[in-house]
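Comments concern the structure below.
The values are calculated or read from the model by the stated rules, or taken from the named source; none is laboratory data. What you are looking at is a predicted structure, and each value in this text was computed from that prediction instead of being measured. All Cβ positions, even for glycine, are placed from backbone atoms using ideal geometry, and neighbour counts span all protein chains on display.
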Amino acid sequence: MSNPAITIKELIKDKPLLLAGPCSAESHDQLLSTAKELSSFGVKIFRAGIWKPRTKPGGFEGVGREGLKWMAEVKELTGMLTATEVANSKHVKEALKGGIDILWIGARTTGNPFAVQEIADSLKGKNIPVFVKNPLNADPDLWVGAIERLQNSGISEVAAVHRGFSTYEKGLFRNLPQWHIPIEVKRRMPSLVMICDPSHIGGRPDLIYPLSQHALDMGFDGLMIESHIEPAVALSDKEQQITPAMLRNILKVLVVREKSDCSESLSELRREIDEMDERLLDIISKRMAISREIGRYKKENNISVLQPLRYDRLVSRRISQAAELMIDEEFIKLILEAIHEESVRQQIEIFNKE
Ligand code: PEP
Ligand code: MN
């Protein structure tokens, strides 16, 4: 049976909280040898996928139930807690029966409310920690919704995993980090524990360290990192897995930041920022009032709302000014575009209503 005493609060006493292990459990030897190495330098939670959601059919879909016996052996031999992915109630039942300590819901499942509800229902009354990965698409509502489904089923030990968002265009990252999405989820659920999975974001070993450090710098509580005894022959995600030795080196150089924010100088700086934000809002509100005034004038004189030449001049003037003030050009363009869009919207409203 799973251990009911495991709480997320307890888990985050490790700084950073770390789940490490192979993408998939592949064989008894692969699992046990990876686990022994990881445990030798202090990894306390061992992850491995038993049931693997693959994008296309025909790939390795996990070893299934048999792997649960190997996971139990890992636990027995190393004392590590074990974690695996569940995507339906059958997985939940078997994982619990097999003695798995921590569950996670994968990105493909989080985006499916039926599946999440099924998992939540089958977990009623079982107090096992559940880590919820973000859905494939950058939708904070779906992510928060999945977490709420679990909480509504009485599962209090819920945490989130940021693993990046799928895109059509493939660039540097396998999955775009879009850090503002986990930030938005944290804003809505401030006490939610959030860890980062740099393996699935980066998709490459050399991105694991910088992404992990970035996440810790931002205040993430921990990491989930894929580690395989011989990544070159891994049956899934072989491009992104690192050896336990590589993981050990990364852990040695990672810096965990203090979370406390009670220093006087920080509070003073924050007061200044708050005051400036207030002034910014006041100025934007006054600017919109003038825009509406212009809208009324345009309506009375039968002039169209959009004046492309004027807009173009406004943007170029501010961009050259931004360069002098050491403000990023793209950033200022984005702000001006947003302000302009809202001004146009308000003027059109005047055309339609007043
Ligand atoms: C995994 O952790 O191996 C996995 C399948 O992750 P994700 O759901 O983030 O793709
Ligand atoms: Mn994987």
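Can you say whether V185 is under 30 Å from E258 (Cβ atoms), in contact (Cβ under 8 Å) with a residue 40 or more places away in the chain, touching a Phe, Trp or Tyr at 6+ places or on another chain (Cβ under 7 Å) and not small (G, A, S), as far as the supplied structure shows?
yes
For the range 205-256, which residues satisfy the criterion of being within 15 Å of ligand 1 (Cβ to nearest atom), not aliphatic (A, V, I, L, M) and not in a helix (DSSP H, G or I)?
G222, E226, S227, H228, S236, D237, K238, E239, Q240, Q241
Is there a residue being in contact (Cβ under 8 Å) with a residue 12 or more places away in the chain, part of a loop (DSSP other than H, G, I, E, B), over 26 Å from the mean Cα position of the chain (by Cα) and within 16 Å of ligand 2 (Cβ to nearest atom) anywhere in the range 19-37?
yes
Tally time: how many residues in the range 226-247 are more than 13 Å from P205 (Cβ to Cβ) and more than 23 Å from the chain's Cα centre (by Cα)?
Final tally of qualifying residues: 4.
Give the residues of the range 43-71 that are among the small types (G, A, S) and out of contact with any Gly (no Cβ under 9 Å at 6 or more places or on another chain), sorted by residue number.
Selection gives G58, G59, G64.
Among the numbered criteria (1) outside any helix (DSSP H, G or I); (2) aliphatic (A, V, I, L, M); (3) over 36 Å from the mean Cα position of the chain (by Cα), which single criterion is violated by I327?
Condition (3) is where I327 drops out.
Name every residue in the range 122-144 that is small (G, A, S) and either surrounded by 16 or more Cβ atoms within 10 Å (Cβ to Cβ) or free of Cβ contacts under 8 Å to residues at least 24 places away in the same chain (or both), in order of residue number.
S122, A138
Just checking, how many residues over the range 163-184 are in a helix (DSSP H, G or I) and buried (at least 19 other Cβ atoms within 10 Å of the Cβ)?
Residues that pass the stated criteria total 2.
One line per residue, one yes/no per condition, for (1) crowded, with 18+ Cβ neighbours inside 10 Å; (2) assigned by TED's automatic domain parsing to the domain that holds Y311; (3) out of contact with any Gly (no Cβ under 8 Å at 6 or more places or on another chain); (4) under 30 Å from G59 (Cβ atoms):
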position	(1), (2), (3), (4)
I208	yes, no, no, yes
P231	yes, no, yes, yes
D277	no, yes, yes, no
S285	no, yes, yes, no
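Inspect the range 103-120 for any residue being in contact with a helix residue (DSSP H, G or I) (Cβ under 9 Å, 6 or more places away or on another chain), hydroxyl-bearing (S, T, Y), assigned by TED's automatic domain parsing to the domain that holds P182 and within 20 Å of L17 (Cα to Cα) and give the result as yes or no.
No, because not a single residue in the range 103-120 is in contact with a helix residue (DSSP H, G or I) (Cβ under 9 Å, 6 or more places away or on another chain), hydroxyl-bearing (S, T, Y), assigned by TED's automatic domain parsing to the domain that holds P182 and within 20 Å of L17 (Cα to Cα).
Only one of L192, L211, L172, L176 is within 25 Å of G21 (Cα to Cα), among the hydrophobic types (A, V, I, L, M, F, W, C) and more than 15 Å from the chain's Cα centre (by Cα); which?
Testing whether each residue is within 25 Å of G21 (Cα to Cα), among the hydrophobic types (A, V, I, L, M, F, W, C) and more than 15 Å from the chain's Cα centre (by Cα) leaves just L172.
Those residues that are modelled with pLDDT of 95 or more, polar (S, T, N, Q) and more than 16 Å from ligand 1 (Cβ to nearest atom), I need them from the range 1-50; list them, please.
Listed by number, the residues that qualify are T7, S27, S33, S39, S40.
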